[in-house]
Amino acid sequence: MISPHKPDHRRRVGVERSQKTRAHILESAVGVFALKGAHAPVIDDFVRAAGISRGTFYNYFDTTHALLHATIEWLEDDVFGSMEPEAAAIPDVALRLATATRMYLRWAAAHRRWCAFVTHVPQIGTLARRRLLRDLRDGQKSGVFRFPHVQAAHDLAAGIVAQAVQRMAATPRAAARTDEVVHVMLQGLGVNPAELQRVMAASIPVSARPAKSASLFKTGSND
């Protein structure tokens, strides 16, 4: 007698295999993009790096540009995910958002090649976007943040951080101003001066899990 659970098991195994293949393509793509730049590689470069067929590549990505978008989102999620446990444990919404942003910008300041790479696609990863929107809604509901619309606040916060990363890719001097960037962001979100001073005076926790992609961008501010 055929077990009724077998189809579900096969489906689950298929999904897991598909996810692993996609992750393998993304990890291989980081090395290709880092070596050749964001727009120079062709599909065969990624096929060779990942050890897959062109058909397999097209099962996951239509173009190299789609792969670039997905790779940068994967990198963003990897970096943010390495910091998320420490930031998520903070109950104070203003302090939580400030801490996550300060951790992210200080990591970026120490990895200028990473900054230069991710600025090819001006976006933030899925994890960071969800966390930012949740914090903005929580902060608006509690009255800590004062702004008329959550999406506008999201664009302000994400835009300030993206510009800071772009500047850090271009000049080492920008790395010294990460806290100033967060200060201005919180001002724009309507945090009152006393609260802002308290939040910015807090120490920044150390991430317990280093980003997996850090080894691919092993350069400091002098690179």
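The values are calculated or read from the model by the stated rules, or taken from the named source; none is laboratory data. Treat the numbers as computed from the prediction; the structure is a model and nothing was measured. Cβ: placed from backbone, ideal geometry, glycine included. Neighbour counts: every protein chain shown.
Below are the figures for this structure:
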| read-out | value |
| --- | --- |
| Failed criterion for GLY159 (all others in (1) at pLDDT below 95; (2) within 18 Å of VAL181 (Cα to Cα); (3) not in a helix (DSSP H, G or I) hold) | (3) |
| Condition check for THR21: assigned by TED's automatic domain parsing to the domain that holds ALA176, within 22 Å of the chain's Cα centre (by Cα) and either at pLDDT 90 or above or surrounded by fewer than 12 Cβ atoms within 10 Å (Cβ to Cβ) (or both) | no |
| Close pairs (6 angstrom Cβ cut-off, 6 or more residues apart or separate chains): within 15 Å of HIS111 (Cβ to Cβ) in the stretch 146-173, of a type in the set (Gly, Ala, Ser) and part of a helix (DSSP H, G or I) anywhere | VAL165/ALA108; ARG167/ALA174; MET168/ALA108; MET168/ALA109; MET168/ALA174; MET168/ALA175; ALA169/ALA116 |
| Some residue of the stretch 140-153 being of a type in the set (D, E, K, R) and modelled with pLDDT under 95 | no |
| Candidate set: the stretch 136-153, residues that are within 20 Å of the chain's Cα centre (by Cα) and crowded, with 18+ Cβ neighbours inside 10 Å; chosen: the one nearest to ALA211 (Cα to Cα) | LEU136 |
| Selected residue [buried (at least 19 other Cβ atoms within 10 Å of the Cβ) and among the acidic types (Asp, Glu)] from ASP77, ASP92, ASP8, ASP62 | ASP77 |
| Test: residue in the stretch 36-45 that is modelled with pLDDT under 90 and either crowded, with 16+ Cβ neighbours inside 10 Å or touching a helix residue (DSSP H, G or I) at 6+ places or on another chain (Cβ under 6 Å) (or both) | yes |
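A quick yes/no check of all residues on (1) of a type in the set (Phe, Trp, Tyr); (2) buried (at least 19 other Cβ atoms within 10 Å of the Cβ); (3) out of contact with any helix residue (DSSP H, G or I) (no Cβ under 8 Å at 6 or more places or on another chain); (4) not assigned by TED's automatic domain parsing to the domain that holds ALA158:
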position: TYR58; (1), (2), (3), (4): yes, no, yes, yes
position: MET83; (1), (2), (3), (4): no, yes, no, no
position: ALA88; (1), (2), (3), (4): no, no, no, no
position: ARG134; (1), (2), (3), (4): no, no, yes, no
